[in-house]
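Data first, discussion second: the structure below is written as structure tokens.
The values are calculated or read from the model by the stated rules, or taken from the named source; none is laboratory data. All values derive from a computational prediction rather than experimental measurement. Every residue, glycine among them, receives a Cβ derived from its backbone with ideal geometry; neighbour counts consider all protein chains shown. Please note that ligands, DNA and RNA were not included when accessible areas were found on the heavy atoms of the full protein model with its side chains. Shrake-Rupley method; radii C 1.70, N 1.55, O 1.52, S 1.80 Å.
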Amino acid sequence: MVKKVDHIGIAVNNLEESVKFYENILGLKLQGVETVEEQKVKVAFLPVGDTEIELLEATTPDSPIAKFIENKGQGVQHIAFRVDDLEKALEEMKKLGIRLIDEKPRYGAGGARIAFLHPKSTNGVLVELCERKG
């Protein structure tokens, strides 16, 4: 079902400052920045080979990223796996007894369709399933 690691989401307090580390120290190149109003987040995309790092900055104090940083501090927030058919993958997860945060796909950064699996069903890791066309 899983094709590859699509991206790793990292929660940060300051997107601009965090990008500097990835560019100046690690040598990655910023591909773009997008605000996803629905998720109350601003995302910076930094490709690494066949995957990418997504730096996530909250746009409001009540956003999931702001709550994550408040509870756990900055750091890895989720890992996203690419699937070909998100609806089919979600159906399969439900059949296997995996608790879903998202019963149906929703819009994600970079034009992806996404859905999250609950960390209580995934050994404490917030897992995102991600479908991209093209």
Quiz item: If you go through segment 5-14 one residue at a time, do you hit one that is in a helix (DSSP H, G or I), open to solvent by less than 20 Å² (accessible area, probe 1.4 Å) and out of contact with any His (no Cβ under 9 Å at 6 or more places or on another chain)?
Solution: no
Quiz item: Is at least one residue of segment 13-30 touching a helix residue (DSSP H, G or I) at 6+ places or on another chain (Cβ under 9 Å) and within 22 Å of Leu126 (Cβ to Cβ)?
Solution: yes
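Collect the residues in segment 71-122 that are among the basic types (Lys, Arg) and either closer than 29 Å to Val19 by Cα or within 14 Å of the chain's Cα centre (by Cα) (or both), keeping them in residue-number order. First the steps, then the outcome.
Looking only at segment 71-122, we keep the residues that are among the basic types (Lys, Arg), and these are 72, 82, 88, 94-95, 99, 104, 106, 113, 120.
Selection gives Lys72, Arg82, Arg106, Arg113.
Specify which of the listed residues (Glu91, Glu54) is modelled with pLDDT of 95 or more and in contact with a helix residue (DSSP H, G or I) (Cβ under 9 Å, 6 or more places away or on another chain).
Glu54
So if I check each of Glu91, Glu37, which one is over 16 Å from Phe116 (Cβ atoms) and among the acidic types (Asp, Glu)?
Working: Glu91 fails: over 16 Å from Phe116 (Cβ atoms).
Residue meeting the stated conditions: Glu37.
Of all the residues that make up segment 98-122, how many are part of a strand (DSSP E or B), aliphatic (A, V, I, L, M) and surrounded by fewer than 17 Cβ atoms within 10 Å (Cβ to Cβ)? Steps first, please.
We begin by selecting, within segment 98-122, every residue part of a strand (DSSP E or B); these are 100, 106-107, 113-117.
Add one more test, that the residue is aliphatic (A, V, I, L, M), and what stays is 100, 114-115, 117.
Right, trim to surrounded by fewer than 17 Cβ atoms within 10 Å (Cβ to Cβ) and you get 100.
Qualifying residue count, segment 98-122: 1.
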Practice problem: Look through segment 38-97, keep the residues that are in contact (Cβ under 8 Å) with a residue 60 or more places away in the chain and assigned to a loop (DSSP other than H, G, I, E, B), and return whichever of them is surrounded by the most Cβ atoms within 10 Å (Cβ to Cβ). | Solution: Gln74
Quiz prompt | Residues (of a type in the set (A, V, I, L, M, F, W, C), under 15 Å from Val41 (Cα atoms) and free of Cβ contacts under 8 Å to residues at least 60 places away in the same chain) located in segment 98-117 | solution = Ile114
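Within segment 9-22, work out how many residues are closer than 20 Å to Gly110 by Cβ and either touching a residue at least 12 places away in the same chain (Cβ under 8 Å) or polar (S, T, N, Q) (or both).
The initial filter retains those residues of segment 9-22 that are closer than 20 Å to Gly110 by Cβ, namely 9-12, 15-16, 18-19, 22.
If we keep only those that are either touching a residue at least 12 places away in the same chain (Cβ under 8 Å) or polar (S, T, N, Q) (or both) as well, we get 9-12, 15, 18-19, 22.
Residues flagged as closer than 20 Å to Gly110 by Cβ and either touching a residue at least 12 places away in the same chain (Cβ under 8 Å) or polar (S, T, N, Q) (or both) within segment 9-22 amount to 8.
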